[in-house]
Each structure stands twice: as C-alpha cells, then as structure tokens.
Amino acid sequence: MSKGTIGVTSDNIFPVIKKFLYSDHEIFLRELISNAVDATQKLKTLSSVGEVKGDLGDTRVRVILDKNKKTLTVQDHGIGMTAEEVDKYINQIAFSGAEEFVNKYKDKTEAIIGHFGLGFYSAFMVSDKVEIFSLSYKEDATAVHWTCSGETTYEMEDTIKSERGTDIVLHINDEFQQYLEDATIEGLLNKYCKFLPIEIVFGKKKEWKDGKQVETEEDNVINDINPAWTRKPADLKDEDYKAFYRQLYPMQMDEPLFWIHLNVDYPFHLTGILYFPKIRTNLDVQKNKIQLYCNQVYVTDEVENIVPQYLTLLHGVIDSPDIPLNVSRSYLQSDNNVKKISSHITKKVADKLAELYKNDKADFEKKWDDIRLFIQYGMLTDEKFYERAISFALFKNIDGAYFNLEEYKDKIKDQQTDKDGNLVVLYTQDPDANFTHIERAKQKGYDVLLMDGELDVHAMSQLEQKNEKLRFTRIDSDILENLIRKEDSKKDEYTDEQKEGLRKAFEAVLPQDKKLNYYISFEAAAEDALPVFLTQNEFMRRMKEMSQHQQGMSFYGQMPDQYNLVVNTAHPLIQELFGKMTSEEVEEVVEKEADKAAENTENKDEKVKETVKKTVYSLSGEDERLHQLTDIALLASGQLKGESLQ
Ligand code: ADP
C-alpha cells in the first residue's frame, strides 16, 4: 500500500470544490459518466488501430445504486488505469489524460468528451469518500484500488479485479441522500446522458405483470447513441425529425413547423437540428429551450450567449466541441469561435426562411402567424437578420391576404399617399372594436392591415425608421379625412374665446377618471361626419404599448390614457351650440368683464380669461345636447361605462 499527498499546491482545494466550484452539485454524475464514456471510446479507438486485440466484450457503462452501503458506482469497461496512471491522472490534478490522448491519436480518435473542468474531482462535492477500482487494458496489468476521504491524502494499493475497466465508487454524504434515490438518478441520466454515444445502463427494464411493475432480465439502457443530429441529413425522413423532436421534448404537444439540420466541419465543428416551433405568445417561449451538447454530452439549455437572443426562441440541439465551456458567460460572447458559430446559425436560419418563402409562398403564409413573433424579434434585434428578412416578413390585411413590404407598398401607393408624399399604412389591432372605422375606410378604397401581434408596434416603428415616407396609422387615431391628408384642412370660423368656452363646457360633461385624459380639440371636418368624436394619438398610444415590453420606458406606461375629443366645427349641431353666443356677444362680455377685472388686479390677462370661461360655460354648458353628443362619442369607442351608462 502506498500513501501520498494529492499534487495540488493549495490544501484548500476540496472545500473549494465542495462549496464554490459548482453551483450545481448534480453535474458530478455527468463528469463521471463522461470519463467512463471517454475511456470506452479510447478503447474502441485503440482496438480500431490494432493496439487492443480481440473482442472488446460488454462495453456498456453502468450506474449502480447500493442503498445499504450508501454508494453510487459508475462502472465502465474502457481502457482502465494502472497505478502509475492513477498517480499521474488522478493524483496530479493538473494532468489531463484526455489532452495527452488527443495529441497522440489526433487523427484516429473518435470524439473525446470531457474538458468540463475538474471532472473526476467533482465527485467530492457529494461524497465522504471516493474509491477507484481499475484494471488497465494493458497486458499483465495489476488492478489498482485508490481511496480518498476528501482530504488531500490518498491511499493506493494493488487489488484483485477480473474485468477490464474502472469502477468509481462514491460513498454519498448524508447531506446528499437524494443521490441514492432511483428517481433522482434517473432524472439526472435523462437530463445529461440521453444522447451519449456509449450505452448507459441503469438497472433493469421494468414491465407490467399482474397489475404491478416487475423487473425483467433486460438492461435498462437510458440513452439513444445515434441521435438524429449525429446522422446524415440524407438518411433522415421528415418522420425521423419529428420523432426526434418528441424525444427531446416529450411534453410538447405541437409538431414543429420545420427544421434546419446544421452540419459544419470547417472552420469550426458544429452539428445540430434547430426546430421552428409554433410560437403564439411570449408565454409559450420559455418552456422548451435549445439544448447545448458537447460531443453528445448535455451541457446546458442556457444558450443566450452562444446564439443571438431571438434564436433562443427556437427549439432543438446544438452540438459543438468548439464552444469553450468553462469560461465566464461574458467571455463567451467575445470568443471567436462562438461569434462564428452564432453568425453561421443566423445565416442558416435566414437562408432556410428565404428558401421556404421562395419555394412555396402559400405554405409560408400558412405558417406566418406561428413564426411572426420569431421573425419580428430577429429583425428588431439583429440588423443583418433584418436585411435578410425584409423580403419575407409578411403583412396580413383584414381580408386575410398576405404581402411583403414591397408588394404592399405597391398595392396602396395610389390611394394612400398623402399630400406630403408619405405612404400611409392604415391598421387595426382589433377589427371588432374598429368596425365602423374600417367600413368607412374601405368605402373610401383604403386597405387596412391587421396588426395584432405582440411585437407589431415595435415592428412598425422600426419600419418607419428604416423607410422614409412610410407611416403607420391606426384606423381610429383620427377622423378618416385626416388619416391620409390629401389637402390642407379647412379653417374654422371661431375665435379662441368661443372655443375656450365650449372646451370648458365639454370638460364639464366628460367622465372624471384619473387613468383617462381627454384633450378637447376643434376641427372643421366634413358636415356628414359625427359632430363629436374620440381619437387617440398614434404616438402616445404606441409609446404606452411599447413600454409594456421594454425596460426604461415605464415612464410612458404610467401615464394616463390620452384621448382627443374632437369637436367638428363644421357640423350644423355644433354651429347651433356655438350660435348660442355670437362672437360679438363674447367680445362684449369680455370687454365689460375685463374692465372690471382690470380695476382690481395687476394680472389683467389671467383675470379676463377666467371671466370669459365662466360666462361661456354658463351660457352653453347646461345644454342637454352637450351631454348627449359626448356620450355618443364615448359610446362609439367603448368608453361609456358603469354609472355613466345610465
Ligand atoms: P478530464 O476528464 O477533464 O481530463 P478528469 O479529472 O475527469 O479530467 O480526469 C482526469 C483523467 O483521469 C482523465 O483524463 C483520464 O485520463 C483519467 N480517468 C478518469 N476517469 C477515468 C476512467 N473511468 N477510466 C480511465 N481513465 C479515467
């Protein structure tokens, strides 16, 4: 027996491993199984170059629980280790056997997994004691038994072991008894090992017999060693891709819309399959994520720093040994390989969409509602993607016809260009609520888009920024005549004092609500338009809507809703109301009252204004028709509620 000190400079390595190194204790299992798979693949490589002779026998990796002994064992039949190798690879942390192996067999080796960090030593995160029993593949090798109880000293002795390979035995710490439960281990194997390239066995297959589950003789293999992404696209049918999707996300009910098979050898290695899921709302998004693998070992489903954010809306698998795994998240983004991988994926996704659009427009239109959120998100956050996507980003009008931007511009340019040469796109977010507006617009020969998507407001603002002379206007944001101004508006004949008076009068009859603000304005609209109507300012309304998605815009969100109560000064009814007081009358009153006011105060103008308001209000504010007109305007926009409805 030999004793020794583990070759690290700091005595404190174990407490560090236990407490700080991994926030996720559970990854110890991935690390140990990765090592076991590595050792098995190395053996296969050696066998393929003739360095190991004969039949390799059972090469499955086994995970074995012993609840009585409180141990968890990871067993492989790979290359094993001699005492010297244990000393070199295990006792001297700084050595990475995998690296040495890769250098030696550079061109022959199958993928070597590992390189996640401290690897083997992560076993101490959950164990009081770790034992290694190993027999090397080398001829006449003696088996070795190594023990370490989580201090920096170890014991090593010869032992008897008949089968080639390595058993790593963890004596699980009392704090981590969950790792002695079948369910926990099964869960972890499913998460990390589902697609490992060597079969992993956990217990025996169970089957139902006489109403209970009984174990069969058959090994319970938990992984698929040839997952779809590792196979050639030419060998796969649509059904295979769909089956793999279900394998990845067993709880997902919807089928994917389409997919992209990634396969790059140079200048970096990347394989994977990205699926376009049906995404209707933001809420759907977070459930299933893209999974990152490194040579078929699950690494993470947090790929935010590896692919652009909007691509995280996709589902599927990315597998690349060229993504550095043990670096900080912020470093990842600046890594050259990661940058290349990210732009490669972006390009592939854009290519695929462009191809689908080109090849089958009708089918693309059918899918549009489901991919709209994704494409808009991409266009809003990635300049390059915007440039690609602008040709296949679609608009749907309220009759269900689809257009890309150029087609739509073409369609409306004759009818919907205003006097300043702006192309005005009319839209609704709610065709039912805007029914009257839409009908009138249609009669006038205008087209109306349906923009009810979550990102539509942002998308419209972006399009306006990028296309000079393109403007989006919601169908109810002004009276029809003003939505697309073909000529300068008529001037009305009323004085400011008269308007001020009527403003006060309407204010008095409008409902009082802190969350609603009414701004009263005057407009000489058509005689056959409503005498009073409500409009909502496009800019303010959009800002408010955008603030729901964007940080730093909450200022807009807190502002009350702004509406314009437009008084149509061309309407006979309004003229009649105004007629209650001629401008001469107003002037007379003003003069008289102003003189009076001027005698007593310095601030003549203020006083005069006050007086005029009062006077006009008393003359016109008590007219019942004011109430009725206002109520009709409110009713038309669904704002007459509660008590006011009486
Ligand atoms: P890494 O796998 O990143 O090199 P580890 O600490 O996990 O780091 O392992 C160190 C070395 O110990 C490995 O490179 C390998 O040479 C050896 N090793 C670990 N586990 C096994 C095993 N099950 N069979 C054979 N060799 C192993």
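Which entries in the list Lys396/Lys544; Lys42/Lys191; Lys384/Lys442; Lys237/Lys289 go over 28 Å, if you measure between the two C-alpha atoms of each?
Numbers: Lys396/Lys544 24 Å; Lys42/Lys191 24 Å; Lys384/Lys442 36 Å; Lys237/Lys289 23 Å.
Going by Cα-Cα distance, Lys384/Lys442 fall outside the 28 Å limit.
Which one of Thr271, Ser343, Tyr293 is farthest out on the positive end of the charge dipole of the stretch 228-363, using unit charges on Cβ (Lys, Arg +1; Asp, Glu -1) and the Cα centre as origin?
Looking along the dipole axis, the top candidate is Ser343.
Using 0.36 nm per residue of separation minus the Cα-Cα distance, give me the extension gain between Lys191 and Asp238 in nm, one decimal.
My answer for the length gained is 14.4 nm.
Between Asn226 and Asn359, what length comes free when the chain is fully extended (0.36 nm per residue of separation minus the Cα-Cα distance, one decimal in nm)?
Answer, rounded to one decimal: 44.7 nm.
In whole percent, how big is the carbon plus sulfur part of the accessible area of the stretch 393-483, probe 1.4 Å, protein atoms only?
Working: 1720 of 4050 Å².
Answer for the stretch 393-483 is 42 percent, counting heavy atoms of protein chains only.
Charges only on Cβ, +1 for Lys and Arg, -1 for Asp and Glu: so what's the dipole of the stretch 393-483 about the Cα centre, in debye to the nearest 20? Walk me through the numbers on the way to the answer.
Working: 12 positive and 19 negative charges, 52 e Å.
Roughly 260 debye for the stretch 393-483.
Choose one of Gly165, Val144, Ile132: the residue whose Cα lies farthest towards the positive end of the charge dipole of the stretch 106-244 (beta-carbon charges +1 Lys, Arg; -1 Asp, Glu; about the Cα centre).
It is Gly165.
Find the accessible area per residue for the stretch 393-483; the probe is 1.4 Å, ligands and nucleic acids are left out, and the unit is Å².
Values: 4050 Å² over 91 residues.
Heavy-atom SASA per residue in the stretch 393-483 reads 44 Å².
Estimate the FRET efficiency between Lys278 and Lys442 by the formula 1/(1 + (r/R0)^6), using the beta-carbon distance for r and 45 Å for R0, to the nearest 0.05.
Efficiency, rounded to the nearest 0.05: 0.90.
Computed FRET efficiency, Cβ-Cβ of Ile160 and Phe258, R0 51 Å: what is it to the nearest 0.05?
0.35
Between Glu383 and Gln562, take the C-beta separation as r, use R0 = 25 Å, and let me know the FRET efficiency to the nearest 0.05.
Numbers: r = 33 Å, r/R0 = 1.31.
Plugging the Cβ-Cβ distance into 1/(1 + (r/R0)^6) gives 0.15.
Work out from phi, with θ = phi - 60° and the Karplus expression 6.51 cos²θ - 1.76 cosθ + 1.60, the ³J(HN,Hα) of each residue of the stretch 36-51, listed in order in whole Hz, and give x for Gly and Pro.
3J(HN,Hα) across the stretch 36-51, in whole Hz: 5, 5, 3, 4, 6, 5, 4, 4, 5, 4, 4, 5, 6, 9, x, 7.
Distance between the C-alpha centers of the stretch 430-452 and the stretch 151-198? Whole Å please.
66
DSSP loop trypsin sites (Lys or Arg not before Pro) in the stretch 194-284 with at most 10 other Cβ atoms within 10 Å of their Cβ, which ones?
Working: sites: Lys194, Lys204, Lys205, Lys206, Lys209, Lys212, Arg231, Lys237, Lys242, Arg246, Lys278, Arg280; in loops: Lys194, Arg231, Lys237, Lys278, Arg280.
Here the sparse-neighbourhood loop sites are Lys237.
Expressed in nm to one decimal, what extension gain is obtained for the pair Glu576 and Lys411 from 0.36 nm per residue of sequence separation less their Cα-Cα distance?
So the chain would gain 55.1 nm between Glu576 and Lys411.
Given labels modelled 7 Å from the Cα in the Cβ direction, how far is it in nm from Asp351 to Ala433?
Distance between the two pseudo-spin positions: 4.3 nm.
As I understand it, the dipole of the stretch 393-483 uses +1 on the Cβ of Lys and Arg and -1 on the Cβ of Asp and Glu, about the Cα centre. Which of Asn422, Gly400, Ser477 lies farthest toward its positive end?
Working it through, the farthest residue towards the positive pole turns out to be Asn422.
The values are calculated or read from the model by the stated rules, or taken from the named source; none is laboratory data. For clarity, every value in this text was computed on a predicted model and none was experimentally measured. With ideal geometry, Cβ positions are generated from the backbone for all residues, glycine too; neighbour counts draw on all protein chains shown. For the accessible areas, the whole protein counts, side chains as well, though only heavy atoms, and no ligand, DNA or RNA atoms are used. Shrake-Rupley method; radii C 1.70, N 1.55, O 1.52, S 1.80 Å.
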